[in-house]
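Down below is the structure, laid out as structure tokens.
Nothing in this text is a laboratory measurement; each read-out follows from the coordinates by a stated rule. Computed from a prediction, not measured in an experiment: that's the story for all the values here. As a convention, Cβ positions derive from the backbone with ideal geometry for all residues, glycine included, and neighbour counts pool all protein chains shown.
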Amino acid sequence: MVGEYTFAGRGAAEIAASIEGAVRQGALAPGAALPPVRELADRLGVNPNTAAAAYRQLRDRGVIETAGRRGSRVRSRPATTMRDEFVLEIPPGVRDLSTGNPDIALLPPLDEALAEAAVRHARRPMLYGDMPVDDELGRLARDAFDADGVPAGPVALTSGSLDAIERALLTHLRPGDTVAVEDPGWGSIFDLIPALGLRQVPVGIDDEGPLLHDVEQALQQGARALIVTDRGQNPTGGAISAARSSDLRSILADYPQVLVIDDDHAHGLTELPLHALAGSTPHWMLVRSTAKAYGPDLRLAVLTGDPLTVDRVRGRYRLGPGWVSSLLQHTVAHLWRTEALDTAAVAASYAARRNGLLSALADRGVTAYGRSSMNVWIPVPEETGAVVWLLRSGWAVAPGARFRLASSPGVRVTVSPLTADDASPLAEDIAAAVRPHRTGRFA
């Protein structure tokens, strides 16, 4: 309950700001029940419509959730506190396998690319009114989309995948609309959706992507958008198979009003082919970030989609940052043109580490998942105990709570820091921390 907290404000905006500030400062804890609208109005001496408007603003900003007669309460993870803020404190000497970062030894050197970008900038700097997408970068991006069978569409840029996803959702959906999301899934998506005033419905997944029954059920219940990870699903490593893609497309054909968003952030990191859902509905977007393959500080993502969606994303971006730095664009264009990244070697390196750990775990009777990219997902009976045990054993792993809505507990291991010699001792310690689970889905 709200305890001794004193609500304040006369207008809806003031009341909402008072409650949001209390959540941010910890005076109102996650899950705390809020007084009914009429009770809050009586406390503050305002019209009930004013109190209701304040709650509506808080709900739309992802601070609280409302459930009709069951009342309103602070969200378990309010938008004022991101999941990434819940970080492990890593003791000295502990190997950190929790971050989701790439192996910096596999990132391409940027010296030549940055030098060329600087020369191009000196010769012709980007100015207000210039085209937002460099011709060469746009052509290279479109060629790569074509090679992977992505339907024809214009190319746009944003400052990362999440940036593109946010803008696409904002331009197609209204507060209160529902988005179908993978569960387990990317924690930042779970934070973003309520912050936009949207609702999320979890969709179960397995090694081959979203489960058909769950997707259809979410669409039948009115989901207006579906977000899927094509390859390197975070945290499970799943990748959409050709058969699963075909079946999902058949389902989506009956829901033309749904916005479909493909996140292909693992482009360049996996040997598995792309089986996207792009084009399965009239409104769609596929986005690729450079962060994982080329370095997290290269804040650039390329996207394509139907002309209306891409135009709306461009418009929203133009109203904010305006354009992605031409220095970044020229840098990425150089990396792509010169094939500075040996994608086959990088994919093989991550696969060797991932498969080595999976094999060592299987030898010890521990079921784990990791079909592609740099993460392995391990179901556990109880997360805190497993995380603490592994910390004491010298390994820091990510608790699954960061990546779950309704799915069962698990932990995520990022294999980037591992060597071949690490697989056996790490698997031994994981086997001691968890008991084996045998299930075909991440339920």
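Among [x] 19, 40, 29, 11, 1; [y] 28, 59, 13, 0; [z] 24, 53, 22, 1, which is the computed P(r) over Cα pairs in 20 Å bins from 0, in percent?
Derived directly from the coordinates: [z].
Sort 13-26, 51-64 by packing, meaning the average of other beta carbons within 10 Å per residue, with the highest value first.
Packing order, densest peptide first, comes out as 51-64, 13-26.
What's the ranking of 175-185, 114-124, 380-390, 143-153 by average number of surrounding C-beta atoms within 10 Å, highest first? Show your work: numbers first, answer last.
Values: 175-185: 22.5, 114-124: 13.2, 380-390: 17.3, 143-153: 15.4.
With the highest mean Cβ count within 10 Å placed first, the list reads 175-185, 380-390, 143-153, 114-124.
Computed FRET efficiency, Cβ-Cβ of Ala122 and Leu319, R0 22 Å: what is it to the nearest 0.05?
Values: r = 29 Å, r/R0 = 1.34.
Using R0 = 22 Å, I get an efficiency of 0.15.
For the residue pair Thr6 and Ala432, what label-to-label distance in nm results when each label sits 7 Å from Cα along the Cα-to-beta-carbon direction?
A separation of 5.4 nm, rounded to one decimal place.
Where nothing but the Cβ of Lys and Arg (+1) and of Asp and Glu (-1) is charged, how large is the charge dipole of the stretch 111-337 around its Cα centre, in debye to the nearest 20? Before the final figure, lay out the partial values.
On the way: 20 positive and 31 negative charges, 182 e Å.
Here the size comes out at about 880 debye.
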